[in-house]
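Student: Quick one: the structure is below, and I'll ask about it shortly.
The values are calculated or read from the model by the stated rules, or taken from the named source; none is laboratory data. The structure displayed is predicted, hence computed values, not measured ones. Please note: Cβ atoms are built from the backbone with ideal geometry, for glycine as well, and neighbour counts cover all protein chains shown. When the accessible area is computed, the model is the full protein with side chains, heavy atoms only, and any ligands, DNA or RNA have been set aside. Shrake-Rupley method; radii C 1.70, N 1.55, O 1.52, S 1.80 Å.
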Amino acid sequence: MSGLAVRAAASVRSPEGRASGTTPAALDYYRDLLTPFGEKPDEELLARGAHVHHRDLADLLVADEGVGRSRPELLIVTHALPDVVPFTAVAPHLTDRLGGLAANFAIAEQGLAAPFTALRIASAYHRAGRAAEVVVAVLEQTTLPTAFPLVQETPLVDSAAALVLGAATGPGLRFVRARSAASAAAVLDEAALSGDFGGDAPGRVLGEDGTLLVLGPWVAEDVPEHGAVHRVAPGSYCTSVWLELADHWQEWQRTYRRIVLCDTDPRSGRSHVALFAHGEG
């Protein structure tokens, strides 16, 4: 198989939420969820939230023409923060909006690693001949039943991104691989030593030969910045680099040979990298 290339993408930032307030059913759910741990829902915090459900974010992504006309055979929803209320299975809902034929599931409980995991899974499905077209959605809503410093102190905004990936048949921005390591410097060094950044020999300096490094807002350490670097502004957790890719992929594929997305999970400290290359092996 030829690999998966970006065919379309969409982003959503700070959409209008639902009416303020929380339904009794949602409060009952949160009480049942939190009581065994000696906690109770913060009704004032819930009332102040935007109440943008994962389903709302999914519907806004589908409203984009490029995403909306896709008919994937595999659909993966990823998120690091839970939905406002878990009463809708979002992956099947999104599948229904996109033709209804895709194998679908969600990846959670991995922090911002989830989209990187989704790309590895999508690539494996494609190599096995099980998915010629894939949609990966990254969802992030910020209305939670208890205080969560990552949300309140950053602060985070509601956001979402989607990638439509199809068989790479010519020039285009193709997913190559994803890696993880204990730090951003380590994962980038590992990628450079493997030859991911091109050249006839491994160990080329990052940024040479048309490579753009996209650093998420959680990369706090010093990393090699030889060449083009794009830093993502604060305001997102797991959607960070994917929002930027969705916004700029067409421009970037015209300008650079390789796009390296890198971010560090602030909760685990582990860093993740995804490499996209312009029509290369």
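Student: Against the definition (open to solvent by 20 Å² or more (accessible area, probe 1.4 Å) and either modelled with pLDDT of 95 or more or of a type in the set (Lys, Arg) (or both)), how does THR95 come out, yes or no?
Tutor: In short, no.
Student: Something else about it: Determine, yes or no, whether SER240 is modelled with pLDDT of 90 or more and either open to solvent by 60 Å² or more (accessible area, probe 1.4 Å) or of a type in the set (S, T, N, Q) (or both).
Tutor: Yes, satisfied.
Student: If you don't mind, there's one more thing I want to ask. Of the numbered conditions (1) over 19 Å from LEU81 (Cα atoms); (2) open to solvent by less than 50 Å² (accessible area, probe 1.4 Å); (3) part of a loop (DSSP other than H, G, I, E, B), ALA178 fails exactly one; give the number of that condition.
Tutor: (3)
Student: What are the pairs, 6+ residues apart or on separate chains, where a residue within the range 37-48 that is free of Cβ contacts under 8 Å to residues at least 12 places away in the same chain has its Cβ under 7 Å from a residue that is open to solvent by 70 Å² or more (accessible area, probe 1.4 Å)?
Tutor: So the pair list comes out as LYS40/ARG31.
Student: Could you list, in sequence order, the residues of the range 122-156 that are of a type in the set (Phe, Trp, Tyr) and either without any contact (Cβ under 8 Å) to a residue 24 or more places away in the chain or within 30 Å of ARG48 (Cβ to Cβ) (or both)?
Tutor: Of everything in the range 122-156, just one residue is of a type in the set (Phe, Trp, Tyr) and either without any contact (Cβ under 8 Å) to a residue 24 or more places away in the chain or within 30 Å of ARG48 (Cβ to Cβ) (or both), namely PHE148.
Student: On to the next question. Out of curiosity, is LEU119 in a strand (DSSP E or B), touching a residue at least 40 places away in the same chain (Cβ under 8 Å) and either at positive phi or among the aliphatic types (A, V, I, L, M) (or both)?
Tutor: no
Student: Show the residue pairs meeting these rules: Cβ distance below 6 Å; 6+ apart or different chains; first residue within the range 229-243 and of a type in the set (A, V, I, L, M); second residue assigned to a loop (DSSP other than H, G, I, E, B) and crowded, with 24+ Cβ neighbours inside 10 Å.
Tutor: VAL232/GLY216; VAL241/GLY216
Student: For the range 100-116, how many residues are more than 20 Å from THR88 (Cα to Cα) and without any contact (Cβ under 8 Å) to a residue 40 or more places away in the chain?
Tutor: The qualifying residues number 1.
Student: Additional query: Just the residues that are within 17 Å of the chain's Cα centre (by Cα), open to solvent by less than 10 Å² (accessible area, probe 1.4 Å) and closer than 17 Å to ALA10 by Cα, please, taken from the range 71-90.
Tutor: Correct list: LEU75, ILE76, VAL77, THR78.
Student: Shifting gears a bit: Would you say ALA26 is among the aliphatic types (A, V, I, L, M) and open to solvent by 10 Å² or more (accessible area, probe 1.4 Å)?
Tutor: Taking the combined requirement at face value, the residue does not satisfy it.
Student: Let me ask something additional. Those residues that are open to solvent by less than 50 Å² (accessible area, probe 1.4 Å) and over 25 Å from LEU61 (Cβ atoms), I need them from the range 243-263; list them, please.
Tutor: ARG258
Student: Here is a follow-up. When residues of the range 24-38 are filtered for being over 27 Å from SER159 (Cβ atoms) and part of a helix (DSSP H, G or I), how many remain?
Tutor: So the count comes out to 7.
Student: What are the residues in the range 238-281 that are under 14 Å from the mean Cα position of the chain (by Cα) and of a type in the set (Asp, Glu), if any?
Tutor: Matches in the range 238-281: GLU244, ASP247, ASP263, ASP265.
Student: Let me ask something else about it. Could you go through the range 52-70 and let me know if any residue there is more than 18 Å from the chain's Cα centre (by Cα) and over 22 Å from GLU244 (Cα atoms).
Tutor: no
Student: In the list LEU150, LEU101, which residue meets the criterion of being in a helix (DSSP H, G or I), of a type in the set (A, V, I, L, M) and more than 13 Å from the chain's Cα centre (by Cα)?
Tutor: LEU150 is the lone residue from the list that is in a helix (DSSP H, G or I), of a type in the set (A, V, I, L, M) and more than 13 Å from the chain's Cα centre (by Cα).
Student: Can I ask one more? Could you please find all residues in the range 122-137 being surrounded by fewer than 16 Cβ atoms within 10 Å (Cβ to Cβ) and either assigned to a loop (DSSP other than H, G, I, E, B) or in contact with a His (Cβ under 8 Å, 6 or more places away or on another chain) (or both)?
Tutor: ALA128, GLY129, ARG130 - these are the residues of the range 122-137 that are surrounded by fewer than 16 Cβ atoms within 10 Å (Cβ to Cβ) and either assigned to a loop (DSSP other than H, G, I, E, B) or in contact with a His (Cβ under 8 Å, 6 or more places away or on another chain) (or both).
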